[in-house]
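As structure tokens, the structure follows; a few thoughts come after it.
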Amino acid sequence: MTIEKLKLNIRWWESKRWIYNSVVGLSGTIAIYEGLSTIDYSWALADTLGIIIWGIGANIFYSLGILLEILDWYYLNNKMRVATFRFFFFVIGLLFSCFWTFLYTIMYFSRFY
């Protein structure tokens, strides 16, 4: 794989990041909407910081797709052919992140019941 091919792979992943952030953010927003009736506004600052940290963490995990592709290219000379499965990894990672975000948010708000 050439450097140009590597750049194309990174561009592919980065062009999908907005989709990932939008869909995961939407699943979190839906879960937050479900829990708004029980929110204790004295925790608003801590909750906001938690949401920001969660978003940063989600993007770090998203970057593992790019990292996996680079490691396959650099160390394994593309023997695993990770690039051929990138859309599968994107969809599975997106679904898992949405599920985890929704579930965790519902569990978080259930502490107020």
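The values are calculated or read from the model by the stated rules, or taken from the named source; none is laboratory data. The structure displayed is predicted, hence computed values, not measured ones. So basically every Cβ, Gly included, is an ideal-geometry build from the backbone, and we count neighbours across all protein chains shown.
Kindly check whether there is at least one residue in segment 92-100 that is polar (S, T, N, Q), modelled with pLDDT of 90 or more and in contact with a helix residue (DSSP H, G or I) (Cβ under 8 Å, 6 or more places away or on another chain).
Within segment 92-100, the subset polar (S, T, N, Q) is 97.
Still in the list and also modelled with pLDDT of 90 or more: 97.
After this cut, where a residue has to be in contact with a helix residue (DSSP H, G or I) (Cβ under 8 Å, 6 or more places away or on another chain) as well, the list is 97.
Looking for residues that are polar (S, T, N, Q), modelled with pLDDT of 90 or more and in contact with a helix residue (DSSP H, G or I) (Cβ under 8 Å, 6 or more places away or on another chain), one finds at least one in segment 92-100, hence yes.
Out of the residues in segment 66-112 that are part of a loop (DSSP other than H, G, I, E, B) and charged (D, E, K, R), which is farthest from the chain's Cα centre (by Cα)?
Ranking the qualifying residues of segment 66-112, first place goes to Lys79.
Condition first: at pLDDT below 80 and under 14 Å from Ile51 (Cβ atoms). Now tell me which residues in segment 101-113 satisfy that.
Tyr108, Phe109
Out of curiosity, is Ile60 at pLDDT 90 or above and either β-branched (Val, Ile, Thr) or touching a Leu at 6+ places or on another chain (Cβ under 6 Å) (or both)?
So Ile60 fits the description; yes.
Please work out if Tyr62 is assigned to a helix (DSSP H, G or I) and under 19 Å from Arg11 (Cβ atoms).
yes
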